[in-house]
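K.L.:
Okay, here's the structure, questions in a sec.
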Amino acid sequence: MDRRTLLGTLAAGAAATALKADDKDKKGAPMPMANANADYAARPFDFGAGLNGLSKDLLAEHLTLYKGYVTRTNALLKDVVAAEKEGKAGAMVQELRRRLGFEFSGMRVHEWYFEALGNNGGKPTENHPLHKGIVDTWGTWDAWWAAFKATATMPGIGWAALVKDPMTGRLMNAWFQDHENAIPVGAQPILVLDVWEHAYVKDFGATGRGKYVDAIKPLINWSVVEKRY
Ligand SMILES: [Fe+2]
């Protein structure tokens, strides 16, 4: 498989996973069927007075960046389909498809990230199957978190993720390079953490990614995360 085919496969896997993760709302109820060809709308994440430990400026900037992914996803979808309808198959449309994988994935991972953040994050439920799965895999919850934090502080631009292989239930810490690369194909995201520099440098400095991860820890809304498992 060449690199481009592989990237396309990974993007398809991410898209399929997104459908699984998004077909329920936060309370677990099925979402109404959308028009498959409608534009994506930026979701209205409202953090009220802000999130503890993160500045309002950082949060506002991040939400603006998220809206950019939504806008560019919609534009690229139109451009790609228009080119395909015209029978175009050359390098230009091939690059548009590659860019669509980046922008769509950037949109969707931000949604998974924002929807699981809040000041009332709470703690993981000890008798929830996710807790058992983590302990079965890493030995202790703290050992998993240490491994997750180590994932989140890897050099590079991307996302730390806790994912589940839906075919076996196996949990894995994964690194999403950029937004769409190196994702275990078909893996179901349980928890994602943005570690692009825009997510933390304003508040914690270029060397402060570990402090940012520590600040995010109490903001994780486990009731949202556990519903994804
Ligand atoms: Fe981001």
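Readers should treat all values here as calculations from the given coordinates under stated rules, not as data from a laboratory. All figures in this text were calculated on a predicted structure; none of them were measured in a lab. Here the Cβ positions follow ideal geometry from the backbone for every residue, glycine too, while neighbour counts run over all protein chains shown.
K.L.:
For helix 56-85, what angle does its Cα long axis make with the longest principal axis of the chain, in degrees from 0 to 90 and rounded to 10?
P.N.:
30
K.L.:
Under 12 Å from the Cα of Lys202, which aspartates and glutamates turn up, not counting those fewer than eight places away in the same chain?
P.N.:
Within the straight-line limit of under 12 Å, Lys202 reaches these aspartates and glutamates: Asp57, Glu61.
K.L.:
Would you give the gap between the C-alpha center of the stretch 164-188 and the C-alpha center of the stretch 78-123, rounded to a whole Å?
P.N.:
Computed from Cα coordinates, the inter-centre distance equals 17 Å.
K.L.:
Evaluate 2.2 N^0.38 Å with N set to the residue count of the stretch 94-229, then give the Cα radius of gyration divided by it.
P.N.:
Numbers: Rg = 14.7 Å, N = 136, 2.2 N^0.38 = 14.2 Å.
Relative to the rule-of-thumb radius for its length, the stretch 94-229 sits at 1.04.
K.L.:
A follow-up question, please. Modelled label-to-label distance, Glu126 and Ala182, 7 Å Cα→beta-carbon offset: nm?
P.N.:
Once both label points are built, they end up 3.5 nm from each other.
K.L.:
Continuing with this model, one more query. Per-residue ellipticity at 222 nm for the chain, helices alone: DSSP H runs ≥ 4 residues times -39500 (n - 2.57), over residue total, nearest 500 deg cm²/dmol? Write out the running numbers ahead of the final one.
P.N.:
Details: 8 runs with 115 residues, N = 229.
-16500 deg cm²/dmol, from helical runs alone.
K.L.:
Something else: Would you mind checking the stretch 97-124 for residues with the amide N under 14 Å from a putative spin-label position 7 Å along Cα→C-beta of Glu84?
P.N.:
Residues 97-101 fall inside that zone.
K.L.:
Find the relative contact order for the chain and round it to a whole percent, using C-alpha pairs within less than 8 Å whose residues are 6+ positions apart. Don't skip to the answer; put the middle values down first.
P.N.:
Numbers: 295 pairs, mean separation 62.3, N = 229.
This gives 27 percent for the chain.
K.L.:
Any chance you could list P(r) for the chain, counting all Cα-Cα pairs in 5 angstrom bins from zero, rounded to whole %?
P.N.:
1, 6, 13, 18, 20, 17, 12, 7, 3, 2, 0, 0
K.L.:
Separate question: What is the stretch 30-89 by shape, rounded, prolate or oblate, if you read a ≥ b ≥ c off the alpha carbon gyration tensor as root eigenvalues and call it rounded for a/c under 1.5, prolate for a/b larger than b/c, and oblate otherwise? Kindly include the intermediate steps, with their values, before the conclusion.
P.N.:
Numbers: a/c = 5.43, a/b = 2.06, b/c = 2.63.
Verdict is oblate for the stretch 30-89.
K.L.:
I've got another one for you. How big is the charge dipole of the stretch 62-161 about its Cα centre, in debye rounded to the nearest 20, if each Lys and Arg gets +1 on its Cβ and each Asp and Glu gets -1 on its Cβ?
P.N.:
It works out to roughly 280 debye.
K.L.:
Right, something else. As I understand it, the value is the acute angle between the Cα axis of helix 91-115 and the longest principal axis of the Cα atoms of the chain; what does it come to in degrees, rounded to 10?
P.N.:
For helix 91-115, the angle is close to 30 degrees.
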